[in-house]
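I'd like to ask some things about the structure below.
The values are calculated or read from the model by the stated rules, or taken from the named source; none is laboratory data. Small disclaimer: the values here were computed from a predicted structure and weren't measured. Here Cβ is always computed from backbone atoms with ideal geometry, including for glycine, and neighbour counts include all displayed protein chains.
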Amino acid sequence: MAHHSIELNALEKHIALVVAKRMDASLKRFGENKYRVDKKVSQIESNYEAMMSEMAVCKYLGVYPECTFNDKVMSINAGTDVGDIIYNGTVIDVKHTRYKTGRLAAYKENPVIDVLILVTGSDGKYSIIGGIHAKDFYIKERFKKPPNFIKSCFVAEQNELEDIDKILDTASE
């Protein structure tokens with residue numbers, strides 16, 4: 001499978017930082033993300049990388065990151081998490097890790113998501129690893145506790161993911 005490399009420019013990184021700071025201020029009202037796997041980075045750094053990875057996928061797809069530019073706290077429990085990107089009617093959830101060998105993971109099922117995409121990298125340089133249909137991801141066989149994770153979650157290894165172009169072509173079928 002081909003990985004797609006994307007590099008954000010200085011303006012894109014600045015925009016992601018502004019959105020991450022707003023998100024951080026909103027999250028402080030609700031408490032820190034207790035499911036963050038990598039405790040070596042702060043909540044703001046985690047949000048910043050998440051925003052940049054979403055922008056990298058938007059840049060690759062050539063779509064405006066309208067969901068990313070929302071400074072409201074998104075919550076699966078409250079039914080306000082509408083996904084990260086809408087592409088040709090497909091709702092995408094972008095998952096990020098700075099680790100090249102990282103897994104695609106989600107602690108809760110979001111019923112509005114059609115496709116989940118894994119992005120690795122940091123500091124504005126990312127690889128879009130691939131994706132999986134939500135119907136194939138949110139299944140009981142995938143719910144487990146991987147090493148170094150805080151608790152059980154849905155997990156897919158990189159070799160189980162399809163190229164982003166292929167997965168988005170089949171998402172609209």
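Return the residues of the stretch 145-159 that are modelled with pLDDT of 95 or more and either surrounded by fewer than 16 Cβ atoms within 10 Å (Cβ to Cβ) or assigned to a loop (DSSP other than H, G, I, E, B) (or both); say none if nothing qualifies.
Listed by number, the residues that qualify are GLU157, ASN159.
Further, regarding this structure: Would you call ALA134 among the small types (Gly, Ala, Ser), surrounded by 16 or more Cβ atoms within 10 Å (Cβ to Cβ) and at pLDDT below 95?
no
OK, next. Can you pull out the strands (runs of 3 or more DSSP E) entirely within the stretch 85-128 that have at least 2 residues that are among the hydroxyl-bearing types (Ser, Thr, Tyr), touching a Cys at 6+ places or on another chain (Cβ under 6 Å) and surrounded by fewer than 21 Cβ atoms within 10 Å (Cβ to Cβ)?
By residue number, no strands (runs of 3 or more DSSP E) qualify.
Which pairs turn up if I take residues in the stretch 1-24 that are assigned to a helix (DSSP H, G or I) and look for partners that are charged (D, E, K, R) with beta carbon separation below 7 Å, at least 6 apart in sequence or on another chain?
VAL19/ASP71; ARG22/ASP71; MET23/ASP71
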